[in-house]
Amino acid sequence: MYRLFIGLLCLLVISGCANTTVSEPSPTASVPYPAYPVEPIPTNPAASYPGPDSSGQSQATLFFYIAEPVRVSDSQIQGGGPPQVPIRVINLSRNNAVIADTVVGADGQFVAPLRDVAAGDSVAIIFNEQVSSAFTREQLQPFSVQVLPSGELVMSSVVVAP
């Protein structure tokens, strides 16, 4: 009797497993994958990143540059930055030797003498913290390209061409 019940139970399990049907997904699905909702980008300029500037200075003008190419034969170095910012032109390749101290003009341009450089030297402009400025180190640090071991902020640099 015991064998009859076990045989009947096995027969039920085997027949139950053999008749299961699994529905396969259709190869022509009507819903594209993935279906995420798309939210429009806000166009309100008052709420745009990085937000309103409370200091009165425009952050878009806090960039510095050196006009390239700079050649060994040039007697001046030119570039630009925020108006009235004191800068120092240095030779990074010669132990940060000071080439010139100047201030960016009201038009956002500067011109400084270029001397004691050789082809392949790296010349840079740094923020001159020793002279009073409308900008603080904290305002300019995010726009610097390097911080020297002495703590000075390198705002732009260029390699001198032959």
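The values are calculated or read from the model by the stated rules, or taken from the named source; none is laboratory data. As the structure is a prediction and not an experimental result, all values here were calculated from the model. Virtual Cβ from ideal backbone geometry, glycine too; neighbours counted across all protein chains shown. Quick note on the areas: whole protein, heavy atoms, side chains included, nothing else; ligands and nucleic acids left out. Shrake-Rupley method; radii C 1.70, N 1.55, O 1.52, S 1.80 Å.
What number of residues in region 125-162 are assigned to a helix (DSSP H, G or I) and either open to solvent by 60 Å² or more (accessible area, probe 1.4 Å) or touching an Asp or Glu at 6+ places or on another chain (Cβ under 7 Å) (or both)? I'd like the intermediate steps shown before the answer.
We begin by selecting, within region 125-162, every residue assigned to a helix (DSSP H, G or I); these are 137-143.
If we keep only those that are either open to solvent by 60 Å² or more (accessible area, probe 1.4 Å) or touching an Asp or Glu at 6+ places or on another chain (Cβ under 7 Å) (or both) as well, we get 137-138, 141-143.
Within region 125-162, residues that are assigned to a helix (DSSP H, G or I) and either open to solvent by 60 Å² or more (accessible area, probe 1.4 Å) or touching an Asp or Glu at 6+ places or on another chain (Cβ under 7 Å) (or both) number 5.
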**Request:** Name the one entry in Val117, Val111 that is assigned to a loop (DSSP other than H, G, I, E, B) and surrounded by 12 or more Cβ atoms within 10 Å (Cβ to Cβ).
**Result:** Val117
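Would you point out the residue of region 35-92, among those that are at pLDDT 80 or above, of a type in the set (Ser, Thr, Tyr) and more than 18 Å from Ser144 (Cβ to Cβ), that is most open to solvent (accessible area, probe 1.4 Å)?
Of region 35-92, the ones at pLDDT 80 or above are 63-92.
The next check asks that each one be of a type in the set (Ser, Thr, Tyr); those that pass are 65, 73, 75.
When the remaining residues are screened for being more than 18 Å from Ser144 (Cβ to Cβ), the result is 73, 75.
Working: Ser73: 101, Ser75: 83 Å².
Among those residues, the one meeting the criterion is Ser73.
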**Message:** Among the residues that make up region 95-102, is at least one of them touching a residue at least 40 places away in the same chain (Cβ under 8 Å), in a loop (DSSP other than H, G, I, E, B) and within 16 Å of Val158 (Cα to Cα)?
**Reply:** yes
**Fill in**
Note on region 68-85: residues closer than 20 Å to Leu140 by Cβ and aliphatic (A, V, I, L, M) are Ile77, Val85
